[in-house]
Structure formats: structure tokens, C-alpha cells
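Comments concern the structure below.
Since every read-out is calculated from the coordinates, none of them should be taken as a lab result. All values derive from a computational prediction rather than experimental measurement. We place every Cβ from the backbone using ideal geometry, glycine too, and count neighbours over all the protein chains shown.
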Amino acid sequence: VLPRKVRQKVFVPREITAEEAFKAIQGVMTPNIGTASFDARSNKVIVTDQPEVLELVQRLIEQIDVKFITRVFYIAHADVQGIVDKLTNIKSPAAPAIEFDAKTHLIIVRDRLEIIRQMELLVETLDIGPEMRVYDLNNIGFEGADKSELEEAIQQVLTPDAYYNINTQSGKLIVEDIPEVQEKIEKILKAFDQPPKQVMIQCEIIATQFSEGFNYSVDWTVSGDLFSSVI
């Protein structure tokens, strides 16, 4: 029954390429029945499917067939790859892949205006400069015996240009890095910098000293005069 309902329709996007539209409609095609192809020269998308699917394809193409705007972001502080991953999550399905250069800290995006606005807000939130924080260390061992283990964990999350210093005498950790790294360091300190378990023993020590004042007794002297001996 279904194959007899199949119809064919041609779509001509205006702002996006036929290939981009073709990729966007793949998920709505009827399995084993619907087919789609595109012609890059004429920028046409040919879809063969049921009438209700053709209507769905038309609405989908109308939503994505909008003018794309190119925006270049310069990342001054944050990790470029990390921001690219987050921008990819909000990118339009039909928009081209995000281009970036880690050496120049540039990210090039091309998308709809409302998506570009969201990307600008995201970059502004994430790309903030480093700040300095001072942490109290509860336990780094006698004379900093456990300092190396803590340093190894901290170095794995720091950015390349970050600064940190551990003062074993005062029990302080100074870190200058981006807020995202500072949050990771707080979690590391919660895991590593725990005070040792202790037991409080309350006791009372009594010292006793004997003196001649304790030498009270009766001197029984064997004598013929018992009365005089008792005195």
C-alpha cells in the first residue's frame, strides 16, 4: 500500500547548498521507501517519499534555509579546542563545520544569526582571564612529604601559562589560572588534602610525692617500764 502513495518533489534551497539540505533531511525519510538525491550544479534536492514526509521535509528545509553569517572569534585565555567542542553542540545541523586554528587562537563559524548570538554569549562566558586564588592545605605531610603527589595532580589540570606555588611552612597553595581550572583544583584538594583521622584521649595524671610528714606510727620499745615506753 505504501509504495503506491509515494510522490516525488524537488526542493531548491536559496541560502544553503543542496548538499547541506540533503544531509539535514536524512533522518526523516521513510526506511526502505523514501529516497533523496541532490544536484550540486542546479542546487536542487529531489525527494521521493510519502506526502506527509514531503511536507515534513519542506518545513525542515524552510527552517534551515536561512542566510548564514560568518563570525570569527579570538580566544585570548581559554582552551580553543574546548570552546570548539561546546560551540559544536549548539551549531545548526545544516551549518558547515567549525574551523579553528589553535596556534592563532581563532575560531571561524558560519551559522544563523540567532545561533551566532548564542555562540557569542558562550565565548564571552568561557573566555575569561586567569585569576589568583589562595587555598589552605590541611595535610601535606611532615615537612611537605606528600607535596609531590599533590603537585602531580595539580599540574595535570593547569593551563600552559598558569602559575602555582605550594608553601609547606604556612600550608598555603597559590594558583593563578582560569576559573574552570580553579574549580578542578578545588575538587582535587577535596580528594587529596584531607586531614588525618585522629582520636582524642583525655586523661588525668596524678603525681604522688612522699615526705616525712607521712611517717606517723607508734614506736613500741621493749622496756621494763611499759608506761614510759608508750609515752
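In percent, how large is the relative contact order of region 82-173, given Cα pairs closer than 8 Å and 6 or more residues apart?
Worked out over region 82-173, it gives 22 percent.
Can you give me the angle between helix 179-192 and the longest principal axis of the chain, using Cα atoms only, in degrees from 0 to 90, rounded to the nearest 10?
The angle comes out at about 40 degrees.
Based on the Kirkwood radius over alpha-carbon pairs, what is the Stokes-Einstein translational diffusion coefficient of region 63-186 at 10 °C with 1.306 mPa s viscosity, in µm²/s?
Rounded, D is 95 µm²/s.
For region 155-207, what is the largest minus smallest coordinate of the Cα atoms on each principal axis, given in angstrom and ordered from greatest to least?
62, 21, 15
Given N residues in region 115-191, what is its alpha carbon radius of gyration divided by 2.2 N^0.38 Å?
Against the empirical 2.2 N^0.38 Å value, I get 1.32 for region 115-191.
Say R0 is 41 Å: what FRET efficiency, to the nearest 0.05, do VAL28 and LEU122 get from their beta-carbon distance?
The value I calculate is 0.90.
Cross-link candidates for LYS147: which lysines have Cα within less than 24 Å, leaving aside residues fewer than 8 places away along the same chain?
Within reach: LYS172, LYS184, LYS187, LYS190, LYS197.
Using a simple spin-label model with points 7 Å from Cα along the Cα→Cβ vector, what separation in nm is obtained for TYR163 and GLU149?
Each label point lies 7 Å from its Cα, and together they span 2.9 nm.
When 1/r is averaged over all different Cα pairs and the result inverted, which Kirkwood radius in Å belongs to region 1-102?
With all distinct Cα pairs of region 1-102 included, I get 15.5 Å.
Where does helix 113-126 land angle-wise versus the long Cα axis of the chain, in degrees 0 to 90, nearest 10?
Orientation of helix 113-126: about 20 degrees from the principal axis.
Suppose the chain between THR208 and ILE188 were pulled fully straight at 0.36 nm per residue; how much longer would it get relative to their current alpha carbon spacing?
Result for the pair: 2.0 nm of gain on full extension.
Determine the calculated [θ] at 222 nm for the chain from helices alone, applying -39500 (n - 2.57) to every DSSP H run no shorter than 4 residues and normalising by the residue count; nearest 500 deg cm²/dmol.
Calculated mean residue ellipticity at 222 nm is -10000 deg cm²/dmol.
Counting Lys and Arg as +1 and Asp and Glu as -1, what is the net charge of the other residues whose Cβ lies under 9 Å from the Cβ of MET132?
Around MET132, the surrounding residues sum to -2.
Over region 1-135, what is the relative contact order in whole percent, taking alpha-carbon pairs under 8 Å and six or more residues apart?
It rounds to 24 percent for region 1-135.
If you line up the Cα atoms of region 1-55 on their principal axes, what length do they span on each, largest first, in Å?
That works out to 36, 18, 16 Å along the principal axes.
For log10 I(q)/I(0) by the Debye sum over Cα atoms at q = 0.08, 0.13, 0.14 Å⁻¹, one of [x] -0.61, -0.91, -0.97; [y] -0.55, -0.90, -0.96; [z] -0.35, -0.92, -1.07 was computed from the structure I shared and the rest are decoys. Which label?
Step by step, log10 I(q)/I(0) by the Debye sum over Cα atoms at q = 0.08, 0.13, 0.14 Å⁻¹ for this structure corresponds to label [x].
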